Amino acid sequence: MAINLSREIVHSLEREKIKEIGNTNFYLCYQCGNCSAGCPCAEEMDILPHRAVRLAQLGQFSRLIESKAIWVCAACITCSVRCPRGVDIAGFMEACRQIVLRTRKVDHLSPVELDAQLLKELPQIALINNFRKFTG
Amino acid sequence: MEISYYPGCSLKTSAINFERTALSTLEELGIYALELPRWNCCGVMFSQSADNLMLQLAPARVIMEARETGRKRLLTLCSMCYNTLKRSLLFFKRNGEKLKKINAFLKLEERDFSAEGVEVIHLLTLLSELDTSNFKMKIKKIKSNLKVASYYGCLLTRPREIALDGVENPQIMEKLLEIAGFQTVNYPFKTDCCASFQVVNRRNVVKKQIRKIVTSAVRNGAEIFALSCPLCEYNLDSVQQELAQEDETFTPIPVLYISQLLSLALGQDPKLNDFSLHRIDPRPLFKEKGLL
Amino acid sequence: MSEKNLMQKIADSNKSVISGVDDLDIELWIKIYFLGREYRVPAGLTIMQALEYAGYFLTRSCGCRAGFCGACSTVYRIKGEYKLQFAMACQAEAMDGMYLVQLPFAPAEKRVYSLDHEEYSANTLLKYYPEIARCLSCNTCTKSCPQGIEVMDYINAALRGDYKQVAELSFDCIQCGLCAIRCPADIVHYNVAQLARRLYGKYGMPQVKNLNERATEIEEGVYQGEFDHLVALSNDELKKLYVEQQKNKEVY
C-alpha cells in the first residue's frame with residue numbers, strides 16, 4: 001500500500017494524542033522487533049506491534065485505527081517490559097483504542113449481544129476488563 | 001497479626017474457594033485477614049489512558065477504604081486486583097497533581113484521598129515473608145510427588161515496577177510449593193499471557209495460547225497448574241476442557257489456586273476447596289497422590 | 001390601562017383562582033427559572049406547587065404527589081453555585097434562584113426475564129445487564145439519587161452477585177431514573193436492582209410461615225365469599241363501610 005508522507009499527515013494531531021493518552025514517547029522506537037517477537041497475540045495481528053509503532057511515527061493514523069491489531073492486543077505488557085528503548089507499547093495500543101472509542105462513539109463490542117451462557121459463566125474480571133478496553 | 005484484606009469481585013463468586021483456602025491457610029499461620037468493611041470493584045486493570053482520571057476512581061476508592069482502617073498493609077489474592085491497586089498507588093505517589101484533582105472531585109463526599117500510609121501486598125509475598133520452619137512444621141501431609149507447574153501469567157510480574165519477583169523467571173510460587181512438599185516443574189511459558197479478557201469475544205486467541213502453555217507444561221512433567229488469578233483459572237480450565245473435546249491427543253490437567261494446594265498440604269478440610277467449581281476435576285489425581 | 005397590563009391582571013387573578021392563594025396575603029417571594037423563564041412565586045412551596053402557581057398545568061412529571069411514584073424527577077442548579085442537583089418536585093422546596101427543568105421520562109431498557117425459569121446464581125444479573133461491568137465507581141449515581149440511596153454500592157454488590165446487599169440498599173428506590181440519566185457507563189441501575197430484589201425475594205429471602213399460610217388460604221378461596229360480597233355492594237354502601245372501618249381503626 002502506498003504511504004502518503006506529506007508534511008500534514010506525518011505531523012498529524014493524532015501522533016501527539018497517542019503520546020499523551022498512552023503516556024509514552026514512541027518516537028524512541030528503533031524497530032528492533034522485540035515487542036512483536038514476544039507478543040502472544042502477534043499471530044492474530046494484521047499489523048505487528050513494532051510496525052504499528054512505525055506507522056504512528058509516520059503519522060499513518062488511518063491505517064492504525066482500521067487495523068485489527070489494536071483490538072487483538074490483550075494488554076499483557078510483555079512488549080513494554082522487553083522494550084530496550086523503554087517504550088510502553090501496551091500503553092500505545094491502549095491510546096489507539098481510546099482514540100477510536102472516543103472519536104467514533106461506536107463500541108468495539110456490544111455487551112448486550114454477548115451469549116447469555118457465556119455471561120453466566122465468565123468471571124466478573126473478564127467482563128469488566130473487556131468492557132473497559134472495548135467500550136467507550 | 002492482623003492485615004486488611006481486599007477480596008475483589010471474582011473472589012466472591014467463581015473463585016470463592018480461592019478466598020476460603022487462602023484465608024484459612026493464613027489463619028493457620030497466624031495471620032488474620034480482615035475484609036474491608038465497604039469496597040467496590042478495583043477496575044480490574046490499571047488504566048492505561050493517562051489522561052482519563054475517571055478510570056482511576058475505582059482503585060482510589062479502595063485505597064481510601066484501606067487507609068481508613070488504620071492498618072498499613074492491604075492484602076490481595078487476585079493478581080489483577082494486586083496489579084491495579086499497586087500501580088494506582090504508585091501512580092498517585094508520582095503524580096501529586098492528579099491526586100489533587102481526585103481530591104477535588106471527591107470533595108463533596110468529604111473524604112480525604114492520599115497515597116501515603118498504605119501498602120498493597122499480594123498473598124504470595126506475604127506467605128514468602130513468613131518463617132519457613134514454622135510453615136514446614138505445620139505441613140501435615142507426607143511429602144507428595146505431585147508435580148506442579150506454577151503459572152504466573154501477566155500481572156504478578158509486569159510491569160517491572162510492581163513485580164513481586166523476577167520479571168522473566170519468577171520463583172516465588174515454586175519456593176512456596178516446595179516448602180509445602182510439592183515437586184515443581186520448570187517450563188518456558190509460566191509468565192506468558194493466557195490472552196486474558198479476549199476470552200469474551202476472541203476465544204480462538206485464548207485457545208491458541210492455552211494449548212501452547214499446557215502442552216509445554218505437560219511435556220515438562222506437570223500434572224497440575226497452580227496460579228493466583230481467577231481469569232487465568234477460568235481460561236485454563238474451560239479452554240482445556242474444550243480443547244480435550246475437540247482433540248483426543250490433548251491432555252488436560254487440573255488448574256488450582258496455589259492456596260488450595262497449600263491448604264491440602266496443611267491438612268485442612270478439603271471441603272474448603274469446593275472442587276465442584278473446577279471443570280477439570282482434580283480429585284482423582286489427588287486421591288492417586290494420597291492428598292485426599 | 002394598556003392592553004398588556006390588562007392581560008397581566010387577568011392572568012394574575014386567574015392564578016389566585018387556580019391556586020386558591022391570594023397574592024396579597026403572601027409576604028415572602030422567591031424567583032425560580034423554569035425552562036429559562038423567570039417566575040415570581042411564594043416562598044415555601046414545593047417545586048411542583050411553585051410550577052403550578054406559575055401557571056403550568058402538569059400532565060407529565062407529576063404523579064402521586066407524595067414522594068412515592070418517582071414521576072417528578074427534577075434537575076436544578078442554584079444561581080451562583082456550580083453543583084447540578086436533583087430532587088423530586090413534589091417533595092423538595094422551591095428555592096430562590098433555582099434554574100430547573102423536569103425530567104418526565106428516562107429512556108431506559110428493561111430486559112425480559114422469567115423469574116420461574118431463572119437460576120439464582122452469582123452471574124444472573126450480569127446475564128441480563130452485562131453493562132454493569134462497565135461501572136467506574138465514580139459515584140455519580142449516588143450523588144444524583146434524591147432518595148439518598150447508595151446506588152454505586154449496590155451496583156458493586158450486583159456485580160459480585162450479592163443479592164441481599166442489593167435488595168437492602170436499593171429498597172427505597174422509587175425508579176425516578178436520575179441515576180440512569182447521569183451514569184457515564186450507561187447503566188440503568190434501578191432495573192438491575194429490581195431484578196435483584198425479585199430474585200432475592202423469590203430465592204434468597206427466608207420464607208415467612210404466616211405469609212405463606214395466608215397466601216395458600218387466599219388461593220384456596222377462603223376469602224372468596226367476603227370478596228364477592230364487597231364487589232356486589234353499591235358505591236354508597238361501600239363508602240359507608242369504609243368510614244365505619246376507618247372509625248374502628250382509630251385509637252382512643
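Converting phi to 3J(HN,Hα) with the Karplus coefficients 6.51, -1.76 and 1.60 and the offset θ = phi - 60°, the range C:170-179 yields 8, 4, 7, 5, 10, 6, 6, x, 5, 4 Hz in sequence order, with x at every glycine or proline.
Taking chain C, the Cys residues with no second Cys beta-carbon under 4.7 angstrom are C:CYS62, C:CYS72, C:CYS90, C:CYS135, C:CYS138, C:CYS145, C:CYS173, C:CYS176, C:CYS183.
When the surface is traced with a 1.4 Å probe over the full set of protein chains, B:ARG73 keeps roughly 60 Å² accessible. Backbone phi angles across the range A:123-136, fed through the Karplus curve with coefficients 6.51, -1.76 and 1.60 (θ = phi - 60°), yield HN-Hα couplings of x, 3, 4, 5, 5, 4, 4, 4, 5, 5, 8, 10, 10, x Hz in residue order; Gly and Pro are listed as x. Peptide A:69-76 shows a mean partner chain C-beta count of 5 within 10 Å per residue C-beta.
Of the beta bridges in the protein assembly as shown, as assigned by DSSP with both residues counted there, near 40 percent are antiparallel. Relative contact order of the range C:115-225, taken over Cα pairs closer than 8 Å and 6 or more residues apart, is 27 percent.
The angle between the Cα long axis of helix C:3-19 and the main principal axis of chain C comes to about 40°, on a 0 to 90 degree scale.
Across chain A, the mean sequence separation of Cα contacts (distance under 8 Å, 6 or more residues apart), normalised by length, yields a relative contact order of 27 percent. Across the range C:203-218, computed HN-Hα scalar couplings (Karplus, 6.51 cos²θ - 1.76 cosθ + 1.60, θ = phi - 60°) run 10, x, 6, x, 6, 9, 4, 4, 4, 4, 4, 5, 4, 5, 4, 4 Hz from first to last residue, x flagging Gly and Pro. Across C:CYS145, C:CYS176, C:CYS135, mean-square fluctuation computed from a Gaussian network of chain C (C-alpha pairs under 10 Å connected) peaks at C:CYS135. Each residue was assigned an accessible area with a 1.4 Å probe, and for C:PHE86 the value is about 30 Å². The GluC sites (Glu not before Pro) of the range C:18-86 meeting both criteria, a DSSP state outside H, G, I, E and B (loop) and at most 15 other C-beta atoms within 10 angstrom of the site's C-beta, are C:GLU27, C:GLU81. The calculated FRET efficiency for the pair C:LEU6 and C:VAL101, based on their C-beta separation and a Förster distance of 51 Å, comes to about 0.95. Shielding by partners for peptide C:192-205, expressed as the average number of C-beta atoms from other protein chains within 10 Å of each residue's C-beta, is 0. Among the trypsin sites (Lys or Arg not before Pro) in the range C:37-90, those located in a DSSP loop and surrounded by at most 15 other Cβ atoms within 10 Å of their own Cβ are C:ARG60, C:LYS79, C:LYS83. Sparse packing (at most 16 other Cβ atoms within 10 Å of the Cβ) combined with a DSSP loop state is found for the following GluC sites (Glu not before Pro) in the range C:197-252: C:GLU250. Amide H to amide H distances under 5 Å link C:ILE30 with C:VAL41, C:ALA43, where only residues 5 or more positions off or on other chains count and H is placed in the peptide plane. FRET efficiency for the C:GLU219 to C:GLU118 pair, using the beta carbon distance and R₀ = 30 Å, is estimated at 0.85. For chain B, the residue among B:LEU155, B:LEU36, B:LEU11 whose Cα projects farthest onto the positive side of the dipole built from Cβ charges is B:LEU155. Efficiency by 1/(1 + (r/R0)^6): what FRET value for B:GLU97 and C:GLU244, r their Cβ-Cβ distance, R0 = 41 Å, to the nearest 0.05? In this case the efficiency is close to 0.05.
Note on the range A:10-106: Rg/Rh from Cα positions, Kirkwood definition for Rh, rounded to two decimals, is 0.92. For C:THR140, B:THR184, the ranking by accessible surface with the largest value first comes to B:THR184, C:THR140, using a 1.4 Å probe. Using a Cα-Cα cut-off of under 23 Å, which lysines could be cross-linked to B:LYS271, ignoring same-chain neighbours fewer than 8 residues away? Output for B:LYS271: B:LYS12, B:LYS136, B:LYS138, B:LYS140, B:LYS141, B:LYS143, B:LYS147, B:LYS287, B:LYS289. The angle separating the long axis of helix C:235-249 from the principal Cα axis of greatest extent in chain C is about 80 degrees.
Given a 1.4 Å probe and the protein chains as shown, B:GLU178 ends up with an accessible area of around 100 Å². Here's the list of lysines a cross-link from C:LYS31 could span, going by alpha-carbon distance under 27 Å and ignoring same-chain residues fewer than 8 apart: C:LYS4, C:LYS9, C:LYS15, C:LYS79, C:LYS83, C:LYS143. For A:LYS120, the aspartates and glutamates whose Cα comes closer than 18 Å to its Cα, not counting residues fewer than 8 places off in the same chain, are B:GLU233, B:ASP237, B:GLU242, C:ASP116, C:GLU118, C:GLU119, C:GLU131, C:ASP162.
Taking the Cα centre of the protein assembly as shown as reference, the dipole from Cβ charges on Lys and Arg (+1) and Asp and Glu (-1) amounts to some 2340 debye. Each Cα pair under 8 Å and six or more residues apart adds its sequence gap; the mean of these over the residue count of chain B is a relative contact order of 19 percent.
Here the dipole of chain C is about 900 debye; that uses its Cα centre as origin and unit charges on the Cβ of Lys and Arg (positive) and Asp and Glu (negative). Near B:THR184, the amide H atoms lying under 5 Å from its own belong to B:VAL148; only residues 5 or more places off or on other chains count, and H is placed 1.01 Å from N. Axis of helix A:13-22 versus longest Cα principal axis of chain A: the two differ by about 50°, to the nearest ten degrees.
Give, as ranges by residue number, the residues of the range A:78-96 whose backbone N falls under 16 Å from the point 7 Å along Cα→Cβ of B:ASP51. Answer for the range A:78-96: A:91-96.
Report, as a whole number in µm² per second, the diffusion coefficient that Stokes-Einstein gives for the protein assembly as shown at 25 °C and 0.890 mPa s using the Kirkwood radius over alpha carbon pairs.
Translational D for this selection: 85 µm²/s.
Close amide H pairs (under 5 Å, H built 1.01 Å from N) link B:TYR5 with B:LEU34, B:GLU35, B:LEU36, B:LEU75, residues at least 5 positions away or on another chain.
The values are calculated or read from the model by the stated rules, or taken from the named source; none is laboratory data. Keep in mind the model is a prediction, meaning the values are calculated, not measured. We place every Cβ from the backbone using ideal geometry, glycine too, and count neighbours over all the protein chains shown. With ligands, DNA and RNA removed, areas are computed over all heavy atoms of the protein, side chains included. Shrake-Rupley method; radii C 1.70, N 1.55, O 1.52, S 1.80 Å.
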